[in-house]
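Down below is the structure, laid out as structure tokens.
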């Protein structure tokens, strides 16, 4: 495998124009800013990359524009996120055609099922696509928790290359990291919990996929470097700063979920001059008024403006 | 509006060939059987119609094949079920192009949000597509319960034509039916709870969308006719029969969710000679062995074989 | 068995004085009013009887005061609701000592467990107490759904005399009622779903435990009588009235759960002169101001004032 | 305040005799072993101390026996865990009478409610009992998550002395710890997540309440000492050992919840000669056969036998 997929791999937030088109100029600016900061990879079309809001055409545009800007400087993981196997494989074929370095898939969702279906889902995707496959464990969205022993088994067999853990289950992550180490480290384990990356590094994570890395990529890179050197005080200090910066999620009022979270990212990036707008995909509305001011205050407090 | 959408409107189960293609022969046989039994409409690409397992191309095939067989004999409602607004609208445009009489959409799913997004979602779909729009209330799949007052408001404004209720909330349905009656009956209220349709009729439902209607459409039509005449003993007697027939869901072992439910429908229809196979969409496997025998015993007990 | 426990068995709402003591005068007035209306039994110390808010001493007072007022006119079921087996058995012993005709217990709650513990819980209670035992299926409070097959098995063995179903699972209730009938009717099946009792009667319920029966016991008795005669139009008509009356739950603002539900009962009963106060147990506050006016308007509309 | 309540405060597992009585001999042995290892306090009648399985009389016995053994060597926190306010206050009065140094209470459970009731619940307990009050945040048992801002507000007002966090929400804990530090540290923040204590220390926890501390108290004390010295490599190394030891939870089969978790503690303590039996409270059965062997193997691997 040419890439290690270790380190800081931000999930790229997707900028839109005022009319709702992909804003390629802002996308290029944001990607270049993250690569210049030293991130080790990029993950496009993740949950915060508005994958489920994006039509097939829009997904193509995002992949193509990203690959053009990145130009091989870092590996690009592409979220192929959809309800069931055949739809995921369709997206994965497009991702491969457009140059993805790895694909990322969740458990099936919407239809009810059991673990046999989940396991077969990942096996079928792997059989269909000759690219490294990451399992995306995000029960808050798909309502299935991927069990650690299943992930490890699929890693040992070469079905999975790694896991992006957004499960919120830090105990399960610790057990998985320990089992993975004992098994010769078949899986690359990335945490999506941007606010407690230090804890995930204590547990042995191989990297992080922090949405907040769109806003402050340098801090996550510094944190990673400190982790590599065993400088835990620095790891923790960066996390304390990032937890303070993460208050952009909690200072808003009257919004929830994607609109609050990704809305805060887009608003921060617009305030910082990285994005041209903070426009959101239908049916979500952009943050405005006092919510924008509240985010601005957080950025100012953190020295980001 | 040309159609009332009242009465028995089975959600059409999708037959597959052994190789996983759409089995148009079986589909035609099943649809004709239901229309001959007197059903008042058909709902394709619902949850049990494996909509979320179907690629865009497969969805097109199902709609086109159905419209050709139905040939205007009953109205056809088409499920346009996907994660977020723009994707739903794309499906709805295809449905309209291929001749759908109404479209059916759920609340957004996967991404987290709130009721403002749910409301705007339905408004945007309605604005984009000039067809009657039904809200599909299925929290077990989308993890949002559509509140009765919101549904009624959207009905009064003409955004929604009706509701397909698969919420499992019989109290909420009673309140909604009563409020709808008091407001002049703007909404057509269809229950998806095939096992307690008699209770839904007591609450004032305008019809039913019973998956089990693929297996025994005559019984649901007899029940509807009894309801229209106020013959409640007959309504109840048909339901008792149908609840016994519904044991095809509970006699199987080692399967769950879609694989158990739609798997039972497909297996029953194959045993009855309506479907050529009981093949299931990836990653689900078809029922086999003792599970098939158990379903056969139920059918035999109910006089369906 | 001396009692059938069939018919209308309201869960008795517990009146408090302004200082939070048991208001025995109001309790007697309310109980006599329900017995005069023709109810077939009473269920004290249920969820709406504020059992979990009541200390052991308060529970004793409620049982004793009730037994004295009832004086054998109807059977009295006593909720022995607590976290785990030994605590439930302690309550059950007190209930038996004070003259209860049956006891009612939920699945264990707070501690996590599985079905083996649930089954053993009911068996141990039955072994310890020589009184008819009803299982109270209320997953919204205890977070375990009692499976129909387990209930039926315990009924066949004589461990359980009946089930009070507040599960919200009308499909499961239909299956259980059908299985129970096929097995010779070992269980008495009572529905707690006061707003859709007509549907439960369609499914074959042996009675109802409607909290709203504290407010309008006559209507539930008329409905039961109509059910016994097979007059389904009357069953339905009473239910429509009761669903309208149940708007006392939905017209309030800023309250939720027990405070909204039992708060509405107590406020209605105070407005109707049955209770002296609408005081609520700590930490819940009584309804006041516009919430009281809104409930008054519902009562007036329904001819209850 | 006489005690800081900082450091390692194991939740004491309750030993039973074969006939189900409190095994005071084993209790004394276990408590002395933990105090000798250097723990900074003890928490009795917590979830793993089988509080909800214990009658009032049993709760008294556990408190009295503990206070006698401890004899003031470390502070003792007593869980006063019950459904609603008045019942909790009754338990708290007993705890105070018997010499508790602090009391611990959860949000109300069983009855549904909202945050106003939760807030009033803690205020009423504080008003009634002149002892430090800890809020126990354990949504998996009580189905309410205590919001960080509410906890902090109650801390600032002196209603709460601290929080025992078993919420599983490591992000919320990080935010709370940061807010608490910024507010002058009014709350003592203890984590109950024994498998990721290192992460909680990174977040700034003031101590840990690890059930596994009954099995290996020395390791948690060493970890705390390392934390106090800023020796993060040692903090992490101890945690890796403890996560391996925690496999006593995952090597068993056919058991779940309390029976698996506390069952594993009791079985380990019996194997290690600390407890005389691994008996469990009704309706839970003790681990046996291969489950015991599996736990023995884990202990052996960790050098605990």
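The values are calculated or read from the model by the stated rules, or taken from the named source; none is laboratory data. The model shown is predicted, which means the values in this text are computed figures rather than measured ones. Cβ: placed from backbone, ideal geometry, glycine included. Neighbour counts: every protein chain shown.
Condition first: away from every other protein chain (no Cβ under 11 Å) and surrounded by 20 or more Cβ atoms within 10 Å (Cβ to Cβ). Now tell me which residues in the range D:114-130 satisfy that. Give the steps one after another, and end with the answer.
Of the residues in the range D:114-130, the ones away from every other protein chain (no Cβ under 11 Å) are D:126, D:129-130.
Within the range D:114-130, D:126, D:129 qualify.
With the range A:131-207 as the region, which helices (runs of 4 or more DSSP H) entirely inside it contain at least 2 residues that are away from chain D (no Cβ under 14 Å) and within 24 Å of residue D:245 (Cα to Cα)?
Filter on the range A:131-207 gives A:148-156.
Restricting the range B:93-106 to residues that are over 24 Å from residue A:49 (Cα atoms) and within 13 Å of chain A (Cβ to nearest Cβ), which is surrounded by the fewest Cβ atoms within 10 Å (Cβ to Cβ)?
Checked the range B:93-106; the qualifying residue surrounded by the fewest Cβ atoms within 10 Å (Cβ to Cβ) is B:93.
Which of (1) more than 28 Å from residue A:51 (Cβ to Cβ); (2) touching a helix residue (DSSP H, G or I) at 6+ places or on another chain (Cβ under 8 Å); (3) surrounded by 21 or more Cβ atoms within 10 Å (Cβ to Cβ) does residue B:38 not meet, given it meets every other one?
(3)
Just checking, which of D:222, D:300, D:270 is closer than 22 Å to residue D:75 by Cβ, in a helix (DSSP H, G or I), away from every other protein chain (no Cβ under 14 Å) and out of contact with any strand residue (DSSP E or B) (no Cβ under 9 Å at 6 or more places or on another chain)?
Values: D:300 fails: closer than 22 Å to residue D:75 by Cβ; D:270 fails: closer than 22 Å to residue D:75 by Cβ.
Criteria check complete, one pass: D:222.
Given (1) under 15 Å from the mean Cα position of the chain (by Cα); (2) surrounded by 24 or more Cβ atoms within 10 Å (Cβ to Cβ), where does residue D:27 come up short, assuming only one miss?
If we test residue D:27 against (1) under 15 Å from the mean Cα position of the chain (by Cα); (2) surrounded by 24 or more Cβ atoms within 10 Å (Cβ to Cβ), just (1) comes out false.
Checking the structure you have, find out if any residue of the range A:209-218 is assigned to a helix (DSSP H, G or I), touching a helix residue (DSSP H, G or I) at 6+ places or on another chain (Cβ under 9 Å), within 14 Å of chain D (Cβ to nearest Cβ) and crowded, with 24+ Cβ neighbours inside 10 Å. Give the derivation first.
Step one: filter the range A:209-218 for residues assigned to a helix (DSSP H, G or I), giving A:211-214, A:217-218.
Then drop every residue that is not touching a helix residue (DSSP H, G or I) at 6+ places or on another chain (Cβ under 9 Å), which leaves A:211-214, A:217-218.
From what is left, the residues that are within 14 Å of chain D (Cβ to nearest Cβ) are A:211-212.
Subset that is crowded, with 24+ Cβ neighbours inside 10 Å: A:211-212.
Yes, that holds for at least one residue.
Among the residues of the range A:2-17, what is the count of those that are on the phi > 0 side of the Ramachandran plot and either in a loop (DSSP other than H, G, I, E, B) or free of Cβ contacts under 8 Å to residues at least 24 places away in the same chain (or both)? Explain how you work it out, then say what you get.
Going residue by residue through the range A:2-17, those that are on the phi > 0 side of the Ramachandran plot are A:5, A:7.
With either in a loop (DSSP other than H, G, I, E, B) or free of Cβ contacts under 8 Å to residues at least 24 places away in the same chain (or both) added as a condition, the list becomes A:5.
Going through the range A:2-17 one residue at a time, the tally reaches 1.
Restricting the search to the range A:225-266, which residues are within 14 Å of chain B (Cβ to nearest Cβ) and not in a helix (DSSP H, G or I)?
Result: A:252, A:253, A:254, A:255, A:256, A:257.
Can you find a residue in the range A:76-91 that is within 14 Å of chain B (Cβ to nearest Cβ), surrounded by fewer than 20 Cβ atoms within 10 Å (Cβ to Cβ) and modelled with pLDDT of 95 or more? Can you show your working first?
Filtering the range A:76-91 down to residues within 14 Å of chain B (Cβ to nearest Cβ) leaves A:79-91.
After this cut, where a residue has to be surrounded by fewer than 20 Cβ atoms within 10 Å (Cβ to Cβ) as well, the list is A:90.
Add one more test, that the residue is modelled with pLDDT of 95 or more, and what stays is A:90.
Yes, some residue in the range A:76-91 is within 14 Å of chain B (Cβ to nearest Cβ), surrounded by fewer than 20 Cβ atoms within 10 Å (Cβ to Cβ) and modelled with pLDDT of 95 or more.
With under 18 Å from residue C:29 (Cα atoms), under 18 Å from the mean Cα position of the chain (by Cα) and touching a residue at least 60 places away in the same chain (Cβ under 8 Å) as the only criterion, which of C:215, C:209 stands out?
On the way: C:209 fails: under 18 Å from residue C:29 (Cα atoms).
Testing whether each residue is under 18 Å from residue C:29 (Cα atoms), under 18 Å from the mean Cα position of the chain (by Cα) and touching a residue at least 60 places away in the same chain (Cβ under 8 Å) leaves just C:215.
Identify, from the list C:63, C:44, the residue that is within 23 Å of residue C:273 (Cβ to Cβ) and more than 14 Å from every other protein chain (Cβ to nearest Cβ). Let's see the steps before the verdict.
Details: C:63 fails: within 23 Å of residue C:273 (Cβ to Cβ).
Among C:63, C:44, only C:44 is within 23 Å of residue C:273 (Cβ to Cβ) and more than 14 Å from every other protein chain (Cβ to nearest Cβ).
I'd like to check something: does the range D:277-287 contain any residue that is surrounded by fewer than 22 Cβ atoms within 10 Å (Cβ to Cβ) and free of Cβ contacts under 8 Å to residues at least 40 places away in the same chain?
Taking every residue of the range D:277-287 in turn, at least one turns out to be surrounded by fewer than 22 Cβ atoms within 10 Å (Cβ to Cβ) and free of Cβ contacts under 8 Å to residues at least 40 places away in the same chain.
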